[in-house]
Each structure stands twice: as structure tokens, then as C-alpha cells.
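Colleague: Quick one: the structure is below, and I'll ask about it shortly.
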Amino acid sequence: MDLNQLYPFAGDHAVQNAVFAITWDGLLTPEELARIDGEIRPKLAKDFPKVNEQMGFMLQFNMGQGGSPQPGSPILGGYIYGKTEGVSPQSIQLSKEQFLVNVTDYNGWTQVWKAVSGYLSSILPAILKVKSITTVGLQYSDLFTWKAAPANLELNKVFREGTEYLAAHAFKAKNLWHCHHGFFTDTNAYRRLDNVNVNVNDVEGFRTIQIVTSHQAALIGNIFSTTEGYDKRVADIYSESHSFNTDILRDLLHADVCKRIGLEPK
């Protein structure tokens with residue numbers, strides 16, 4: 001098999017996108033969303049000058065006359081802060097239950113975390129005025145495209161035989177397949193749900209391999225505005241999730257594939 005025909009998404013790495021998520025207890029009201037937006041919008045304006053309000057509707061029921069429920073007046077459901085109108089390639093989304101930082105121009109953990117941590121320092125104080133944080137999440141999507149005949153793709157040259165994150169049958173599969181695996185990791189600070197989802201598909205005439213790894217750390221003890229060193233606590237969780245994600249890929253991928261995307265093989 002000619003490994004040069006296996007193309008990582010970004011050339012020297014395979015990260016399609018990375019998503020950083022923070023979830024809190026309960027739902028923000030439209031009034032709370034508006035106050036938080038007023039506080040964080042000026043701080044995000046340099047990197048995310050375009051802001052779109054996300055509106056929703058509450059159904060109204062006429063119990064006396066029957067019939068179908070009717071949509072009521074629109075209510076504020078959140079904001080998308082982007083570099084272009086709408087859902088931009090890189091954006092921050094604030095909703096009633098969480099905010100997401102979506103990174104599509106991934107250029108290495110050090111650079112990405114430097115940017116994301118800056119956004120968190122702008123957003124977290126505003127959130128913590130009204131809510132406590134319950135979950136800290138990180139998700140990666142890695143993509144490889146095989147630009148040759150599918151019959152010539154040898155999976156034991158892509159994945160490491162003996163990996164604990166892939167069903168053994170996958171190495172024998174001659175057609176499309178997926179393998180999804182989830183498990184919990186416990187620490188003194190959180191219980192983390194880790195998921196490893198591998199999908200082999202045909203997209204626009206090419207065989208593709210997508211690896212989606214997610215890590216959702218449910219905190220043991222919520223983070224409040226009065227929690228000492230909460231910013232370091234959040235940073236440590238993200239660092240640990242990223243490090244574990246790297247370990248998963250090193251275990252999952254063949255040594256030669258690891259080298260192509262800048263990972264030290266297992």
C-alpha cells in the first residue's frame with residue numbers, strides 16, 4: 001500500500017475541527033443571555049466582529065378551543081459570534097445551556113489553547129455571575145482521505161494492530177464500517193465520558209476515515225464565581241483531555257501514520 005495516497009485533512013495533521021464546550025446548571029433566561037452578551041461582545045469583537053441572534057418560539061396552546069398549537073412571539077435563544085455572517089468556519093456559540101468554541105483552523109495545541117484560553121477569560125466571569133459550571137468538554141474530528149482504489153486500502157497499515165480502541169473485526173472488513181466505543185474515566189476532580197468513534201465512508205468518490213474523539217468531564221463539585229483558581233481548574237481539565245486524546249490516537253494509529261501527522265508513535 002502506498003501511504004502517500006492517504007491524505008491527512010490539513011497535510012501535516014488531520015484535525016478537521018476542535019470544539020471546546022462549557023455547560024452550566026439549568027438554562028439561561030433571555031434576559032440573562034442579553035446581559036452576558038452585553039458584557040462579552042466588546043471583548044470578542046476583535047476576533048469575532050459578526051454577531052447573529054438566535055431566536056426561538058414558544059408554542060401557545062388554546063386549551064378551550066382545541067386545534068393545533070400556535071407559535072408565540074419569538075424569544076432570544078442565544079448568539080453566534082463569528083468572522084462572517086451566520087455560522088462561520090470559526091465561531092463561538094452562546095446558548096441557554098452552554099457555549100462552544102469551534103476551531104476549524106487548528107494549528108497545534110499550544111497556539112489554539114492560547115487563543116481559546118483568552119476567550120474563556122472573557123466569557124467565564126460573565127457566566128459565573130448567574131450560573132455554576134457543571135461540565136467541561138473537548139471534541140476532535142480527524143479526517144483522512146484515501147485517493148486510490150478502495151480495494152488497495154490496507155487497514156493494518158492505517159491502524160495499529162492490537163489497539164484497544166478498535167474492534168478486531170474492523171481489520172477484516174472489506175466494505176464501509178463504523179466502530180463506536182465509550183467509557184468513563186474517574187479522577188478526584190471529575191468523571192469524564194470518553195468516546196472514540198471511527199467511521200469509514202465514501203465521500204465524493206473517495207474512501208475516507210474519520211475519527212471523532214470526545215471527552216466530557218462532569219465536575220465533582222460545580223465551579224462557582226467564588227471557586228478559588230477556577231480558571232486553572234478549567235485549564236487543567238482541558239490539558240488532561242487533550243493529552244489523553246493524543247494517547248488514544250497514538251494507540252489507535254499505525255506508527256507510520258502517526259509520523260505523518262506529527263505524533264510520536266506508541
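Colleague: Every residue in segment 220-244 that is among the β-branched types (Val, Ile, Thr) and assigned to a helix (DSSP H, G or I), please. If you could, list the steps in order and put the result at the bottom.
Modeller: Filtering segment 220-244 down to residues among the β-branched types (Val, Ile, Thr) leaves 220, 223, 226-227, 234, 237.
Answer for segment 220-244, where residues must be among the β-branched types (Val, Ile, Thr) and assigned to a helix (DSSP H, G or I): Val234, Ile237.
Colleague: From the set of residues in segment 171-189 that are among the polar types (S, T, N, Q) and assigned to a loop (DSSP other than H, G, I, E, B), which is modelled with the lowest pLDDT?
Modeller: Residue satisfying both the conditions and the ranking: Asn175.
Colleague: Of everything in segment 2-39, what is hydrophobic (A, V, I, L, M, F, W, C), surrounded by 15 or more Cβ atoms within 10 Å (Cβ to Cβ) and farther than 20 Å from Thr213 by Cβ? Give them in sequence order.
Modeller: Selection gives Trp24, Leu28, Leu33, Ile36.
Results for (1) in a loop (DSSP other than H, G, I, E, B); (2) closer than 29 Å to Lys114 by Cβ; (3) of a type in the set (Val, Ile, Thr); (4) at pLDDT 65 or above, shown as yes or no for each residue.
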residue: Val51; (1), (2), (3), (4): no, yes, yes, yes
residue: Gln54; (1), (2), (3), (4): no, yes, no, yes
residue: Phe57; (1), (2), (3), (4): no, no, no, no
residue: Asn62; (1), (2), (3), (4): yes, no, no, no
residue: Gly67; (1), (2), (3), (4): yes, no, no, no
residue: Ser73; (1), (2), (3), (4): no, no, no, no
residue: Gly78; (1), (2), (3), (4): no, yes, no, yes
residue: Val87; (1), (2), (3), (4): yes, yes, yes, no
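Colleague: What are the residues in segment 8-48 that are of a type in the set (Gly, Ala, Ser), at negative phi and within 22 Å of the chain's Cα centre (by Cα), if any?
Modeller: The first filter runs over segment 8-48 and keeps only residues of a type in the set (Gly, Ala, Ser), leaving 10-11, 14, 18, 21, 26, 34, 38, 45.
Add one more test, that the residue is at negative phi, and what stays is 10, 14, 18, 21, 34, 38, 45.
Scanning segment 8-48 gives Ala10, Ala14, Ala18, Ala21.
Colleague: Would you mind stating whether Lys131 is free of Cβ contacts under 8 Å to residues at least 12 places away in the same chain and basic (Lys, Arg)?
Modeller: Judged against the criteria, Lys131 is not a match.
Colleague: From the list Tyr165, Tyr119, which residue is part of a loop (DSSP other than H, G, I, E, B), modelled with pLDDT of 95 or more and of a type in the set (Ser, Thr, Tyr)?
Modeller: Among Tyr165, Tyr119, only Tyr165 is part of a loop (DSSP other than H, G, I, E, B), modelled with pLDDT of 95 or more and of a type in the set (Ser, Thr, Tyr).
Colleague: Only one of these is at pLDDT 90 or above, surrounded by 12 or more Cβ atoms within 10 Å (Cβ to Cβ) and among the charged types (D, E, K, R): Lys96, Lys83. Name it.
Modeller: Result: Lys96 is the single residue among Lys96, Lys83 that is at pLDDT 90 or above, surrounded by 12 or more Cβ atoms within 10 Å (Cβ to Cβ) and among the charged types (D, E, K, R).
The values are calculated or read from the model by the stated rules, or taken from the named source; none is laboratory data. Worth saying up front: this structure is predicted, and the values here are computed from it rather than measured. No Cβ is skipped: glycine too gets one built from the backbone with ideal geometry, and neighbour counts run over all protein chains shown.
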